[in-house]
Every structure is written in structure tokens, then in C-alpha cells.
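One structure is given here, and the rest of the page talks about it.
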Amino acid sequence: YQQVSLGIPSTRSVDSAESGGVSESSSMVDEVSEYCPKLTYQQRIMGFGICFTCGYLMTFMSFRLFIKLVEGNPAPFVFLYTSGNILSLMSSVFLSGPQRQFKNMFDEKRKLTSIVYLSTLCTSITVCFIPIPTGPKIGLLVILLLVQMCASLWYTLSYIPYGRASVKRMLRSIVAMDE
């Protein structure tokens, strides 16, 4: 039984619809998925391309504001850099949908990287507003942004077949050269 409200199909079961409750398997991600329109393949590719390109343009353009970070005004750089990363991350929702994207982010292979990445996104913005001396604040933000960059790269490599393994192998060979 599908209940239609405002033209949007709902996956609530008959029993739960009659009792007013929602089935146990539904979650916030399921609800968001219901409200996303059905996109054609071309629309998904265009949405992905636009979000991904705009996100990385914002991230790269943020480095024009890096001097403001060093001068003690971190907010413009951090907001633009982090917003670009969030927009780039959300671009993949066009390809897989919000529910599948969320599941993919938190499967065993990507769970730790996703948690680190999302934590650094939130923490870097939060640190901008914490009233601490400028020197430690800038140092902490630079560390957070570097970790955010590494987590983003590691997360992206998890979607490329043998991506992480290749980078690990390359790093081992570089370290072995120094010895």
C-alpha cells in the first residue's frame, strides 16, 4: 500500500499508516529520499557536474583568502573552503541519491574517513567563533583544514578501484627510497 500525499509517494505500510506510526526501518534519510524528484540520467550527470565543479572552484578560490586567515580573520577562508567541500561532497547525491550516498559514506570501508571528514568540516567552522588567541586559533584551523583535505582525498580514493592501495604502495616506495 502506498499512501500519496501532495503527489509524493510514501512507503509507509498499511498497519503503520492506520496506527499513525512509521515503520522501524524508516529514518530521516528515507524521508529525504522520498522528497527528491526522479531525475533523468542526463539531469543527474548535469547536477553532479555543476555541484562538483562549483564546489571545487569555491575550494580553490578560497586560497585567495588564505592571507586573511594568516592575518587573524579566518572566517572568510574557512567558510568558503568548507562550503566548497560540502558542495563537492553533496554532488555525488545526484549520482546515487541521498539514501545510497549516506549508506555508502558509512559502510565499513569509509566509516572512519567519513567521520573524520565531517567532523573537521564542522569543527573548522566552530573554531572560527571560539574566542581564543589568534595564534593558537590559526594553528588549529590550519591543522583542521589539512586533515580535512587529507580525509577528502582518502574518501575520494575509496571510490576508485585500487585507489587507496595504489597510494599506499606509492607512499611505501617513497619512504623506502629515503632509507
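Quick check on my filter: what residues within the stretch 40-59 are among the aromatic types (Phe, Trp, Tyr), open to solvent by less than 80 Å² (accessible area, probe 1.4 Å) and under 8 Å from Ser91 (Cβ atoms)?
Phe48
Under 7 Å between Cβ atoms, at least 6 apart or on separate chains: pull out the pairs that start in the stretch 159-179 with a residue that is closer than 25 Å to Asn104 by Cα and of a type in the set (Gly, Ala, Ser) and end on any residue that is open to solvent by 60 Å² or more (accessible area, probe 1.4 Å) and in a helix (DSSP H, G or I). From residues that are closer than 25 Å to Asn104 by Cα and of a type in the set (Gly, Ala, Ser), there are no pairs. Here is a check on your reading of the model: is Pro74 out of contact with any Pro (no Cβ under 6 Å at 6 or more places or on another chain) and open to solvent by 20 Å² or more (accessible area, probe 1.4 Å)? When the stated conditions are applied, Pro74 does not pass them. Consider the stretch 151-178 and keep the residues that are closer than 28 Å to Met58 by Cβ and open to solvent by 90 Å² or more (accessible area, probe 1.4 Å). The one that is modelled with the lowest pLDDT is Tyr159. Only one of the numbered conditions (1) of a type in the set (Lys, Arg); (2) assigned to a helix (DSSP H, G or I); (3) modelled with pLDDT under 90 is violated by Arg64, and that is (3). Please work out if Leu112 is open to solvent by less than 40 Å² (accessible area, probe 1.4 Å), at pLDDT 90 or above and either farther than 21 Å from Thr53 by Cβ or part of a loop (DSSP other than H, G, I, E, B) (or both). Against the criterion (open to solvent by less than 40 Å² (accessible area, probe 1.4 Å), at pLDDT 90 or above and either farther than 21 Å from Thr53 by Cβ or part of a loop (DSSP other than H, G, I, E, B) (or both)), Leu112 does not qualify.
Of the candidates Leu144, Leu69, the single residue that is at pLDDT below 90, surrounded by 14 or more Cβ atoms within 10 Å (Cβ to Cβ) and more than 26 Å from Gly49 (Cα to Cα) is Leu69. For the stretch 81-103, which residues satisfy the criterion of being over 20 Å from Ile115 (Cα atoms) and crowded, with 18+ Cβ neighbours inside 10 Å? Selection gives Phe94 alone. Check the stretch 125-138 and report whether any residue there is open to solvent by 30 Å² or more (accessible area, probe 1.4 Å), under 25 Å from Ile50 (Cα atoms) and in a helix (DSSP H, G or I). Yes; the residues of the stretch 125-138 include at least one that is open to solvent by 30 Å² or more (accessible area, probe 1.4 Å), under 25 Å from Ile50 (Cα atoms) and in a helix (DSSP H, G or I). Does Thr123 satisfy being of a type in the set (Ser, Thr, Tyr) and touching a residue at least 60 places away in the same chain (Cβ under 8 Å)? In short, no. Among the residues making up the stretch 98-123, a single one is more than 25 Å from Gly163 (Cβ to Cβ) and not β-branched (Val, Ile, Thr): Cys122.
The values are calculated or read from the model by the stated rules, or taken from the named source; none is laboratory data. Here the structure is a predicted model, which means the values were calculated and not measured. Cβ: placed from backbone, ideal geometry, glycine included. Neighbour counts: every protein chain shown. Side chains are part of the model used for accessible areas, which takes the heavy atoms of the whole protein and leaves out ligands, DNA and RNA. Shrake-Rupley method; radii C 1.70, N 1.55, O 1.52, S 1.80 Å.
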